[in-house]
Amino acid sequence: MKKVIILFIIFLSSFFANSQTCEEYMKFVKSESRGTTYTSYTSDAISKVTFYEVSADYQTYYFAIVCFKKEYSIQCSEYIYQVASSTKTNYAMNYLNSAGEAFWNYIQPYHKNLGCAPDFE
């Protein structure tokens, strides 16, 4: 357990030193936690959102990996966001009405935390 905590701290340190890519960060988060996925079959833009919790050094970090649909393709593009602890609950309660609106209200406000989100401007 101590080894995992040390590796996580080293990983975060190196990530913030810009030596890690967003893809490597996503791979690490996926490997450290089982996610909860919310699939959006009717959304034009969002295929699915998976939420992860990663614990290290007595703290829990929360992440959302959003898979945006590609035009004319069955594939999607993934982006990672570091979010608040309440984001998963808020998204889950609202995504069936509109996955896009739930994304803009509860996930997009955290787009600057990791610098891994797409630029919508």
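The values are calculated or read from the model by the stated rules, or taken from the named source; none is laboratory data. On a predicted model such as this, the values are computed, not experimentally measured, just so you know. Ideal geometry is used to build each Cβ from the backbone, glycine not excepted, and the neighbour counts take in all protein chains shown. These area figures cover heavy atoms from the full protein model, side chains too; ligands, DNA and RNA do not enter into them. Shrake-Rupley method; radii C 1.70, N 1.55, O 1.52, S 1.80 Å.
Here are the numbers for this structure:
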{"quantity": "Residues of region 85-101 classified as assigned to a helix (DSSP H, G or I) and either open to solvent by 60 Å² or more (accessible area, probe 1.4 Å) or touching a Gly at 6+ places or on another chain (Cβ under 8 Å) (or both), total", "calculated": "4"}
{"quantity": "Of residues in region 37-63 being in contact with a strand residue (DSSP E or B) (Cβ under 9 Å, 6 or more places away or on another chain) and of a type in the set (Asp, Glu), the one surrounded by the fewest Cβ atoms within 10 Å (Cβ to Cβ)", "calculated": "ASP44"}
{"quantity": "Subset of region 49-73 [touching a helix residue (DSSP H, G or I) at 6+ places or on another chain (Cβ under 9 Å), under 20 Å from ALA117 (Cβ atoms) and of a type in the set (D, E, K, R)]", "calculated": "GLU53"}
{"quantity": "Number of positions in region 74-101 that are aliphatic (A, V, I, L, M) and under 22 Å from GLY115 (Cβ atoms)", "calculated": "3"}
